[in-house]
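Worksheet for the structure shown next.
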Amino acid sequence: MKTFAFTTTILNVKKTTEDILFLTLTAPQDFAYAAGQFITLKIINRGETKLRSYSILSYEPGKIKLCIKLIPGGFASEIFAKTKQEDTFEVKGPFGHLIYDEASLTKESWFLGGGTGIVPLYNILAENLPKHPKQTFILLFSARTKKELVLDKEIKQLASKFTNFIYQPTLTREEWTGKTGRIPNHLPRDLKDKTFYICGTTELVLDIKNLLMKQGVNPKHIKFECYN
């Protein structure tokens, strides 16, 4: 797949909570990517330049949408907290291998994510649910508190629209009526004929990946992407 390099202009900035930011960026009309991939933005802060990667939340011709978590004191977060319409950034992409496997459709596709790892998983689900009505999709999404369930509203809308999609959020630091505890506590007992898509911190991803492999899941049925 072609890698694009371009200057993007911010079209829209929307802050839904104090630490979640949605950005809409311009993109070339011929930009192409696979759901689950990410782009890198060149961030300049206090005279220092660093590259930061962000998963694509959605795309339409000429527009890329990102969902970014602002981290107090974070190198890029300090810039994004002040970002406004008409600001520009240098962009490269798409990159990444967390892509829905059309070649080996198993009975069930399990999506396992934590934090903003939900962004590429949501993108894959939104893209593929309409294409595979006979496939079962299950999303296990872990967050510390209910407030940190990023894209919860959007995911529930998918669940209400597609009967073959099951949404199972779990909280690790707050009691509520739903599931609690880490993702490994809620994996299916029978792991046969399932493909797993995992995204989150390196620790979360490797813990789940190693657990699945120890229990006999074929590595080709484990797709993952890590972030720090």
Task: Residue-averaged [θ]222 nm for the chain, counting only DSSP H segments that reach four residues, each worth -39500 (n - 2.57) - done: -5000 deg cm²/dmol
TODO: Please work out the FRET efficiency for the pair ASN128 and LYS153, using the Cβ-Cβ distance as r and a Förster radius of 25 Å; give the result to the nearest 0.05.
DONE: 0.80
Task: Candidate residues ASP19, ASP207: accessible-area rank, largest first, probe 1.4 Å - done: ASP207, ASP19
Task: Segment ALA34-CYS226, extension gain: residue separation times 0.36 nm, minus the distance between their alpha carbons - done: 67.4 nm
TODO: Compute the length gained on full extension between ASN164 and THR17: take 0.36 nm times their separation in residues and subtract their Cα-Cα distance, giving the result in nm to one decimal.
DONE: 49.9 nm
Task: Estimated distance in nm for a label pair at ASP193 and LYS84, the labels positioned 7 Å out from Cα along Cα-to-Cβ - done: 5.8
TODO: Between GLY181, GLY113, GLY216, find the one with the highest GNM mean-square fluctuation for the chain; connect C-alpha pairs within less than 10 Å.
DONE: GLY216
TODO: Mind telling me which of THR136, THR16, THR177 comes out most flexible in a GNM of the chain, alpha-carbon contacts under 10 Å?
DONE: THR177
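How high is the relative contact order of the chain, given as a whole-number percent (alpha carbon pairs under 8 Å, six or more residues apart)? Present the calculation step by step, with values, prior to reporting the outcome.
Values: 461 pairs, mean separation 41.4, N = 228.
Relative contact order of the chain: 18 percent.
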Open item on the list: Quick check on my link table: of LYS156/LYS192; LYS50/LYS214; LYS153/LYS194; LYS84/LYS146; LYS69/LYS223, which ones sit more than 31 Å apart, alpha carbon to alpha carbon?
Closed with: LYS50/LYS214
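Taking the DSSP beta bridges in the stretch 113-209 as the whole, what percent of them are antiparallel, to the nearest 5?
The answer is about 0 percent antiparallel.
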Open item on the list: Among DSSP bridges having both ends in the chain, what percentage is antiparallel? Round to the nearest 5.
Closed with: 55
Task: At most 11 other Cβ within 10 Å, DSSP loop - GluC sites (Glu not before Pro), the stretch 45-103 - done: GLU86, GLU102
Task: the stretch 174-228 and the stretch 102-125: distance between their alpha carbon centers, rounded to Å - done: 11
TODO: Keeping every protein chain in place, order CYS226, CYS199 by accessible area at 1.4 Å, biggest value first, i.e. largest first.
DONE: CYS226, CYS199
Open item on the list: What number comes out for accessible area per residue over the stretch 147-204 if the probe is 1.4 Å? Units Å², please.
Closed with: 60
- [ ] Leaving ligands, DNA and RNA out of it, report the carbon-plus-sulfur percent of the accessible area of the chain at a 1.4 Å probe.
- [x] 50
Task: Per-residue SASA entry for ILE44, accessible area with 1.4 Å probe, Å² rounded to 10 - done: 100
Task: Angle in degrees between helix 118-128 and the longest Cα principal axis of the chain, rounded to the nearest 10 - done: 70
TODO: Identify the trypsin sites (Lys or Arg not before Pro) of the stretch 189-221 meeting these criteria: DSSP loop state and at most 16 other C-beta atoms within 10 Å of the C-beta.
DONE: ARG189, LYS192
- [ ] Using only protein heavy atoms and a 1.4 Å probe, report how much of ARG182 is accessible, in Å² to the nearest 10.
- [x] 120
- [ ] Hey, could you grab the Kirkwood Rh for the chain? Inverse mean 1/r over distinct alpha carbon pairs, Å, one decimal.
- [x] 18.3
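The values are calculated or read from the model by the stated rules, or taken from the named source; none is laboratory data. Just so it is clear, the structure is predicted and the values come from calculations on it, not from any experiment. Neighbour counts run over all protein chains shown; Cβ positions are idealised from the backbone, glycine included. Quick note on the areas: whole protein, heavy atoms, side chains included, nothing else; ligands and nucleic acids left out. Shrake-Rupley method; radii C 1.70, N 1.55, O 1.52, S 1.80 Å.
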